[in-house]
DNA sequence: CCGTATCCAGCGGGATACTG
DNA sequence: CAGTATCCCGCTGGATACGG
């Protein structure tokens with residue numbers, strides 16, 4: 001009789017890949033984890049080159065997957081705060097080794113981050 | 001003065017994401033890590049639903065990135081063996097926590113693996 | 001300020017047939 | 001056996017303009 005509780009299932013990963021493989025997803029999760037919360041325009045600035053549509057798309061996706069939380073305050077001008085859920089925080093920890101591996105092997109083909117953030121600590 | 005040697009850089013991850021975010025990449029890396037080497041048709045069978053073109057595409061990509069090694073033997077019929085490089089083996093370890101996270105949160109939207117492999121140990 | 005609406009180009013990836 | 005050659009479709013994501 002096999003013990004499956006410790007086994008890792010690729011099909012589970014497949015479920016989240018369409019979300020986290022999106023161009024800005026991991027960047028946003030990582031940035032978001034460095035602060036309590038961030039506003040739409042703040043995230044846009046930190047990403048550097050993302051369009052409002054693309055950011056809205058990925059934020060909605062991350063929200064639907066339960067990785068981030070969106071809180072809108074009824075003010076004028078409007079204010080919206082984004083933050084990681086526990087789920088998202090766990091993911092951020094889980095991709096730590098992957099980030100570390102990427103750095104060790106120096107897979108530095110391109111950078112989507114602003115130059116002044118390129119060497120900032122991510123985790 | 002900041003110590004940056006332990007910092008993790010997202011731009012490094014950006015370099016490898018176009019490769020490992022491909023539909024079958026992680027599946028192949030994981031399967032490949034479970035054996036010394038595999039042949040083209042073996043990988044095709046394990047993936048289950050991949051077309052020869054898609055498999056050739058991703059194998060070439062993984063090879064160009066230095067994650068897998070391709071050895072062709074001059075025989076008839078032709079024989080080609082694929083295996084992980086050290087680089088690829090390190091990556092396989094690095095995505096362990098991510099796979100574990102995915103399983104814990106049961107992101108089970110779909111499975112690209114054959115049913116009989118769906119619950120096999122990946123690592 | 002925080003997005004939405006619209007349009008559009010690029011590419012990932014499946015189906016199928018064929019070759020050295 | 002191990003791919004290549006085509007064709008094609010859908011999704012991602014950028015640009016731009018506009019709305020609550």
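So, in nm, how far is label residue A:34 from label residue B:34 when the simple model puts each one 7 Å beyond its Cα toward the Cβ?
If labels sit at residue A:34 and residue B:34, their model points lie 3.9 nm apart.
Shielding by partners for B:52-61, please: the mean number of other protein chain Cβ atoms within 10 Å of each residue's Cβ.
Per residue, the average neighbour count from other chains is 0.
Considering the rotation that carries chain A onto chain B, locate the chain A residue whose Cβ comes closest to its axis and report the distance in whole Å.
Minimum Cβ distance to the axis, with residue: A:21, 2.
If I model a spin label at residue B:86 and residue B:53 as a point 7 Å from the Cα along the Cα→Cβ vector, what separation in nanometres do I get?
Calculated label separation equals 3.8 nm.
Nm distances between the label at residue A:66 and the same-position labels in the remaining copies, 7 Å along Cα→Cβ, shortest first?
Residue A:66 label point versus its equivalents elsewhere: 3.9 nm.
Please give the average number of partner chain Cβ atoms lying within 10 Å of the Cβ of each residue in A:23-30, rounded to a whole number.
Average per residue, whole number: 3.
Summarise the long-distance tail of P(r) for segment A:14-117 by giving the % of C-alpha pairs beyond 21 Å.
34
Normalised by the number of residues in segment B:14-117, what is the relative contact order in percent for Cα pairs under 8 Å and 6+ residues apart?
30
No lab work stands behind these numbers, since they all come straight from the coordinates. Keep in mind the model is a prediction, meaning the values are calculated, not measured. FYI the Cβ positions are ideal-geometry reconstructions off the backbone, even for glycines, and counts take in every protein chain you see.
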